[in-house]
Amino acid sequence: MRAEFVKMHGLGNDFVVLDARARPLPPMTAATARALADRRTGIGCDQLILLDHSATADFRMRIFNSDGGEVEACGNASRAVALLHGEPARIETAGGILAVRPGQGGAAVDMGIPRFEWDAVPLAYAMDTAALPVGWDELERPAAVNVGNPHAVFFVNDCDAVPLDRLGPQIEFDPLFPERVNVGVATVENRTALRLRVWERGAGLTRACGTGACAAAVSAMRRGLVDREVTVALPGGTLLIGWGEDDHIIMTGPAAESFRGSFDWGDFA
């Protein structure tokens, strides 16, 4: 069968979006997701997004990284899907219900309440998640938080100088993180601005990571380094992150459609 797709991106973090709400699709497997994400022989993307019906929200969003693994949340994809949907909606994800509101050229997403408990991140054993007493080479004492998926955030003088392509995979697969972890290196510019680079679990270095921006912002706020609303500058562009009095994180930023097409499912099964 032929399947239609929409190629989208949020700050250069790109997605192949498949919609099974109007026309059912065959079951998604890790192998098919990996094949579609391949930039040489497939369509190419950081994440494959599958939309389907939901019994608890307006629709369901499943997220597959480029290595074929299914993950709980993706902030940039949430904005892209909100733009595609075209009206406010509640989206069911494996990380919880997200409320989205599309706007001019992007969307605002309620990313929910961050979890700082060690077993909610999760970590392999109990420790202070505000500053883990661990390190990898020059990266030390990260903050740990779950914002729908697990993150470790290191605060450094210059995030661009960190060899994240080398240290990222070491930290991602460290036994301290039983479900692996997204790795962020952040630099505080002032009370209202951060710079950030992210090694994304299952995808590697990425131009932007929405949940990574949320994780870095609330971790900096928790340490008293910044105010409760900050801009987070990533290689692909800038997001606005606010942490409200109700403890919900609101992420606002752009998204865009790149192109549409179709493929034969059997070529990637």
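Just so you know, all these numbers are worked out from the coordinates, no wet-lab data involved. Everything numeric in this text was worked out from a predicted model, so none of it was measured. Reconstructed Cβ throughout: ideal geometry from the backbone, glycine too, with neighbour counts over all protein chains shown.
Observations, loosely collected:
- Identified option (computed Cα extents along the principal axes in Å; candidates (1) 52, 35, 31; (2) 46, 39, 38; (3) 99, 39, 32): (1)
- For the chain, with +1 on Lys and Arg beta carbons and -1 on Asp and Glu, the positive-most of V147, S66, F268 along the dipole: F268
- Amide N proximity, segment 232-269 versus A22 label position 7 Å along Cα-to-Cβ, cut-off under 13 Å: 261
- Computed from backbone phi with θ = phi - 60° and the Karplus coefficients 6.51, -1.76 and 1.60, the 3J(HN,Hα) list for segment 203-208 is 10, x, 4, 10, 6, 7 Hz; x is used for glycine and proline.
- If you take all other residues with their beta carbon under 12 Å from the beta carbon of L83, and give Lys and Arg +1 and Asp and Glu -1, the sum is 0.
- Choice from R180, R23, R207 with maximal GNM fluctuation in the chain (Cα, 10 Å cutoff): R23
- Virtual spin-label span in nm between D227 and R2, 7 Å along Cα→Cβ: 5.3
- Subtracting the Cα-Cα distance of R141 and D165 from 0.36 nm times their residue separation leaves 6.7 nm of extension gain.
- Principal axis analysis of the Cα atoms in segment 2-112 yields extents of 35, 30, 24 Å, listed in decreasing size.
- In the chain, the DSSP-assigned H stretches of four residues or longer account for a calculated mean residue ellipticity at 222 nm of -4500 deg cm²/dmol, using -39500 (n - 2.57) per stretch and the full residue count as denominator.
- From phi via Karplus (6.51, -1.76, 1.60), per-residue ³J(HN,Hα) for segment 128-141 in Hz, x at Gly/Pro: 6, 6, 5, 7, 4, x, 9, x, 9, 6, 7, 8, 9, 6
- Cut-off 13 Å between beta-carbons: net charge of the residues surrounding D158, Lys and Arg +1, Asp and Glu -1: -1
- Label-point separation, D158 to R260 (7 Å along Cα→Cβ), nm: 4.6
- Less than 5 angstrom separates the built amide H of D14 from those of D46, Q47, all sequence-distant by 5 or more or on a different chain.
- Estimated dipole of the chain in Debye, rounded to 20 [Cβ of Lys and Arg +1, of Asp and Glu -1, Cα centre]: 500
- Legend: calculated FRET efficiency, A30 to I113, from the Cβ-Cβ distance at R0 = 30 Å, rounded to 0.05, equals 0.50.
- Residue-wise HN-Hα couplings along segment 2-17, as the Karplus relation 6.51 cos²θ - 1.76 cosθ + 1.60 with θ = phi - 60° gives them from phi, are 8, 10, 8, 9, 10, 8, 9, 8, x, 6, x, 7, 9, 9, 9, 9 Hz; Gly and Pro carry x.
- Dipole in debye (nearest 20) - segment 2-112, about Cα centre, beta carbon charges: Lys, Arg +1; Asp, Glu -1: 240
- Seen from L167, the other residues with C-beta closer than 13 Å to its C-beta sum to a net charge of -4, counting Lys and Arg as +1 and Asp and Glu as -1.
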